[in-house]
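So the structure is just underneath, and the comments pick up after that.
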Amino acid sequence: MIKKQTVWLLTMLSLMVVLTVYYITSDKENMPLIDDEMALSDSDAEVDELTDETGVEMEDMQNVGLDEYFAMLRLELQDNRSMKIDRLKEIVASSAATAEEKNEALNSIEELDDVKTKESILEETIHSLAEYEDVLVRSDENKVHVHIKTVELSNEEVVQIMQLVRDEFGDITVDVSLQTS
């Protein structure tokens, strides 16, 4: 079994690679600048304190663009799930755990993988509907949050998105939010 430190190292390395590729391929005009004297583009949002439903807290962050916000939410969601899966794998590997506890842990791991797959499918499906700039789907225990980065969103599109989510997750509360670019 891979050590916890190795998993964290690989996670951080993959994060660095993703961020490097993102900054290399992103639009140079919308990049946040380190130099305080230079102005940032109009698409950057100012966020003083923000806490989302997953418990992510970002304090005193200035000039966080929506792309970075979506990326941070995705990374935080991935990190939280990875930590949950690591804890569940520890239960499965533990000699002190009962067979019932191990079964519950394995079922929870499978459920987390299913939710992740459903979220990915929904993101791709919703993104292909109207070629939105970005789509983020996050599932809580009893609610699915859909964040869509676009200029405008019609009522028909919202209803269609809600129906897609319900088709995938069943009868669940759906929260569709528009993130203007």
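The values are calculated or read from the model by the stated rules, or taken from the named source; none is laboratory data. Since we're looking at a predicted model, the values are computed, not measured. Counting neighbours? That spans all protein chains shown, and the Cβs are built from the backbone with ideal geometry, glycine included. These area figures cover heavy atoms from the full protein model, side chains too; ligands, DNA and RNA do not enter into them. Shrake-Rupley method; radii C 1.70, N 1.55, O 1.52, S 1.80 Å.
Some values worked out for this structure:
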read-out	value
Residue-count net charge about LYS102 - beta-carbon cut-off 12 Å; Lys, Arg +1, Asp, Glu -1	-3
The stretch 68-144 - Rg over Rh from alpha carbon coordinates, Kirkwood radius	1.10
Cα-based reach from LYS116 at 25 Å (exclusive), listing lysines while leaving out same-chain residues under 8 positions away	LYS3, LYS4, LYS84, LYS89, LYS102, LYS143, LYS149
SER108-THR173 pseudo-label distance in nm [points 7 Å out on the Cα-to-Cβ vector]	2.3
Extended-chain gain in nm, criterion 0.36 nm per residue less alpha-carbon gap, MET72 and ASN142	23.0 nm
Amide H contacts of LYS143 (H built 1.01 Å from N, under 5 Å, at least 5 apart or other chain)	none
Accessible-area value, VAL18, 1.4 Å probe, nucleic acids and ligands omitted, Å²	90
Accessible-area order (highest first, 1.4 angstrom probe) of the listed residues PHE70, PHE169	PHE169, PHE70
